[in-house]
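The structure appears right after this line, and notes come after that.
The values are calculated or read from the model by the stated rules, or taken from the named source; none is laboratory data. Being a predicted model, the structure only gives us computed values, none of them experimental. Please note: Cβ atoms are built from the backbone with ideal geometry, for glycine as well, and neighbour counts cover all protein chains shown. To get the accessible areas, we keep the full protein, side chains included, count just its heavy atoms, and leave off ligands, DNA and RNA. Shrake-Rupley method; radii C 1.70, N 1.55, O 1.52, S 1.80 Å.
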Amino acid sequence: MRILVVEDEADLLGALAKTLREEGYAVDTAADGEEGLFKAESWAYDALVLDVMLPKLDGWELLRRLRRTRKTPVVMLTARDAARDRVRGLDNGADDYVVKPFDLPELLARLRAVIRRSSGQAHNAIEIGPVTIDTVARTVHRQGEPVILTAREYSLVEYLALHRGELVTRTMLYEHLYDEDDSTLSNLLDVHVSNIRKKLGPEFITTRRGHGYCIEG
Ligand code: CA
């Protein structure tokens, strides 16, 4: 999953990006509203974390313009005591909000929830044959036994599972699993898929030659 964080307070932006990366997300950042809108329109992010008070273009205006072209889930960062702001945000197409100063675990939970809703997934656990994926704990079990995946392998499994039954192209995977700072050396999709098959079974991921990958629904 790839997240865009738009926040002008450098310390907070850095802390958010670090935490989200530790949680296994690919993370891009923007420090003002114009850069944020440009990136949000340019890439198919799985979610945005969007501050309200931003230089150049505020969070509301960014959201209003973004909604002309994209339905990307948005969690707003609003000021304390700004109840009207929150109503306005939800009216303008925000999916959820947290009030500053917020707990990181709360933000992470809300992000997971908006991403899950946008993919039509009602529950935290996804079952695919003998494999169970827990999207909160970020763990995978096969026939009840824990399977150890690397962060990258987990991200790939989760993305395919949230799109089960659909063809997921390599382009989609590059867009959703890697951020703008990733080096190409870590981008060896075939190697990750091969390792996942060793751990979860050869038929777990189907390769559609020349097109991409699929977890059959
Ligand atoms: Ca701000």
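See the values below:
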{"quantity": "Heavy-atom accessible area ranking, 1.4 Å probe, most first, across Asp51, Asp8, Asp32", "calculated": "Asp8, Asp32, Asp51"}
{"quantity": "Size of charge dipole - the stretch 2-118 - debye, nearest 20, with Cβ of Lys, Arg +1 and Asp, Glu -1, no other charges", "calculated": "600 debye"}
{"quantity": "Cα-centred dipole magnitude for the chain, charges only on beta-carbon of K, R (+1) and D, E (-1), debye, nearest 20", "calculated": "780 debye"}
{"quantity": "Using a Förster distance of 35 Å, the FRET efficiency for Ala15-Val191 (Cβ separation, nearest 0.05)", "calculated": "0.65"}
{"quantity": "Excluding exposed DSSP-loop trypsin sites (Lys or Arg not before Pro) (at most 13 other C-beta within 10 Å), longest clean stretch of the chain", "calculated": "81-208"}
{"quantity": "Gain upon complete extension [Leu90, Ser119; 0.36 nm per residue less C-alpha separation]", "calculated": "8.5 nm"}
{"quantity": "Relative contact order, percent, the chain [alpha-carbon distance under 8 Å, six or more residues apart]", "calculated": "17 percent"}
{"quantity": "Structure-based [θ]222 nm, the chain - -39500 (n - 2.57) summed over DSSP H runs of at least 4, per residue, nearest 500", "calculated": "-12000 deg cm²/dmol"}
{"quantity": "Euclidean distance between Cα centres, the stretch 45-63 to the stretch 117-140, Å", "calculated": "29 Å"}
{"quantity": "Surface accessible to a 1.4 Å probe, per residue, for the residues of the chain, Å²", "calculated": "50 Å²"}
{"quantity": "Accessible surface of the stretch 125-214 [probe 1.4 Å, protein heavy atoms]: carbon and sulfur percent", "calculated": "54 percent"}
{"quantity": "Contact order relative to length of the stretch 16-79, as percent, for alpha carbon pairs under 8 angstrom and 6 or more apart", "calculated": "33 percent"}
